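Below: one structure, written as structure tokens.
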């Protein structure tokens with residue numbers, strides 16, 4: 001197996017990149033990731049994607065983060081591969097590269113899990129993610145993943161091999177994000193073997209893009225270690241990625257810790273939760289200043305309804321009304337369905353710092369060290 005990139009190689013790669021900024025993307029007419037990748041309705045979805053990625057480029061974004069859906073690859077294989085290629089083409093047309101995500105521990109318990117149905121997708125109005133029950137509330141047990149079935153776990157390996165193998169030298173892919181939030185949904189005990197195996201497969205393919213998997217529960221107490229599965233993710237990653245919907249102060253402390261512990265480029269692959277005081281006005285300038293790649297959650301408000309708070313936020317507030325949560329604000333997302341900004345000041349600021357970053361890059365190219 002190929003080895004993890006050295007720190008020197010990781011920094012050499014990162015220093016060649018512009019400031020990477022974008023969003024976690026799903027077009028506003030998708031109710032879920034089945035909707036995003038299935039054959040049914042895809043032509044209309046892709047048209048919406050084209051329009052919304054044009055808006056993303058206008059906002060100053062140069063990347064998106066997209067999470068793939070194994071069941072669509074498995075059951076609509078050839079069509080999925082064609083649709084994925086067209087997705088990459090559409091993004092690239094707007095000067096946008098893609099971070100691609102495979103594994104994902106944000107899962108529901110098995111008793112809540114229903115067989116995948118293709119075609120028209122149901123969604124509940126007024127709920128984050130379009131579901132009354134989601135992993136963002138109190139779970140009665142461990143989340144269920146198809147990786148829990150040994151035969152399907154082997155097929156997931158084929159999924160990685162095919163996609164990374166095909167695109168291992170493709171400039172339209174910026175990073176391979178192998179596993180989203182390892183250990184979420186009470187899956188800490190069962191995820192490490194899958195996480196290791198995903199990295200082994202990707203290393204065997206030796207892509208030109210870096211590999212990562214995020215840490216998402218970073219203790220602010222410096223003496224408290226990261227959860228074991230997240231330590232593993234960081235130790236396997238070429239570049240360090242993290243998620244935080246916490247405050248500016250919390251993010252500063254997390255970034256400092258990750259810098260000191262790992263000495264590698266840092267990406268924030270999920271942020272923006274206005275209700276929790278994680279805002280564009282504070283976070284975007286910080287990420288620009290430190291050249292931390294950043295992907296906020298959500299873009300144009302739509303069927304997925306991520307402008308609604310997580311159910312866990314409602315549950316916490318109902319138990320403790322003294323919590324400092326602001327329910328007058330959208331949780332995620334940047335634009336209204338008519339493509340007007342949720343808050344024009346946010347978009348003005350994003351465009352300002354994107355332009356500053358582009359100017360920085362131009363100066364660096366004109367005056368190489």
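The values are calculated or read from the model by the stated rules, or taken from the named source; none is laboratory data. As the structure is a computational prediction, the values presented were derived from the model and not from experiment. All Cβ positions, glycine included, derive from the backbone under ideal geometry; neighbour counts span all protein chains shown.
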Checklist entry - If you go through region 79-100, how many residues are under 19 Å from the mean Cα position of the chain (by Cα), assigned to a helix (DSSP H, G or I) and crowded, with 21+ Cβ neighbours inside 10 Å? => result 2
Checklist outcome for this item: Screening 50, 35 for residues that are in contact with a helix residue (DSSP H, G or I) (Cβ under 8 Å, 6 or more places away or on another chain), part of a helix (DSSP H, G or I) and within 17 Å of residue 303 (Cβ to Cβ) leaves only 35
Next on the checklist: If I ask for residues that are out of contact with any helix residue (DSSP H, G or I) (no Cβ under 7 Å at 6 or more places or on another chain), modelled with pLDDT of 95 or more and within 27 Å of residue 29 (Cα to Cα), which ones from region 132-166 would you list?
Outcome noted: 143, 145, 163
Checklist entry - Among the candidates 73, 5, which residue alone is more than 25 Å from residue 307 (Cα to Cα), surrounded by fewer than 20 Cβ atoms within 10 Å (Cβ to Cβ) and in contact (Cβ under 8 Å) with a residue 40 or more places away in the chain? => result 5
Next on the checklist: When you scan region 306-325, do you find a residue that is farther than 26 Å from residue 131 by Cβ, under 23 Å from the mean Cα position of the chain (by Cα) and in a loop (DSSP other than H, G, I, E, B), even just one?
Outcome noted: no
Checklist entry - Regarding residue 44, is this residue surrounded by fewer than 21 Cβ atoms within 10 Å (Cβ to Cβ) and either in contact with a strand residue (DSSP E or B) (Cβ under 9 Å, 6 or more places away or on another chain) or free of Cβ contacts under 8 Å to residues at least 40 places away in the same chain (or both)? => result yes
Checklist entry - From the list 220, 226, 195, which one is modelled with pLDDT of 95 or more and closer than 16 Å to residue 103 by Cβ? => result 195
Next on the checklist: Considering only region 350-364, I want to know if a residue exists there that is assigned to a helix (DSSP H, G or I), over 30 Å from residue 185 (Cα atoms), in contact (Cβ under 8 Å) with a residue 60 or more places away in the chain and within 19 Å of the chain's Cα centre (by Cα).
Outcome noted: yes
Next on the checklist: Based on this model, can you work out whether residue 44 counts as over 26 Å from residue 213 (Cβ atoms) and assigned to a helix (DSSP H, G or I)?
Outcome noted: yes
Next on the checklist: Can you confirm whether residue 218 is in contact with a strand residue (DSSP E or B) (Cβ under 7 Å, 6 or more places away or on another chain) and crowded, with 20+ Cβ neighbours inside 10 Å?
Outcome noted: yes
Item to check | Selection from region 328-349 of residues that are surrounded by 13 or more Cβ atoms within 10 Å (Cβ to Cβ) and assigned to a loop (DSSP other than H, G, I, E, B) | outcome: 329, 330, 331, 332, 333, 334, 336, 339, 342, 343
Next on the checklist: Any residue that is touching a residue at least 12 places away in the same chain (Cβ under 8 Å), in contact with a strand residue (DSSP E or B) (Cβ under 8 Å, 6 or more places away or on another chain) and either surrounded by 21 or more Cβ atoms within 10 Å (Cβ to Cβ) or part of a loop (DSSP other than H, G, I, E, B) (or both) - is there at least one of those in region 122-139?
Outcome noted: yes
Next on the checklist: Can you say whether residue 206 is modelled with pLDDT of 95 or more and closer than 19 Å to residue 68 by Cβ, as far as the supplied structure shows?
Outcome noted: no
Item to check | Answer residue from region 8-25, given it is out of contact with any strand residue (DSSP E or B) (no Cβ under 8 Å at 6 or more places or on another chain) and part of a loop (DSSP other than H, G, I, E, B) and is surrounded by the fewest Cβ atoms within 10 Å (Cβ to Cβ) among those | outcome: 16
Checklist outcome for this item: Over region 350-369, the set of residues in contact with a strand residue (DSSP E or B) (Cβ under 9 Å, 6 or more places away or on another chain) and more than 21 Å from residue 294 (Cβ to Cβ) is none
Next on the checklist: For region 166-207, give me each residue that is under 17 Å from the mean Cα position of the chain (by Cα), more than 29 Å from residue 109 (Cβ to Cβ) and not in a strand (DSSP E or B).
Outcome noted: 172
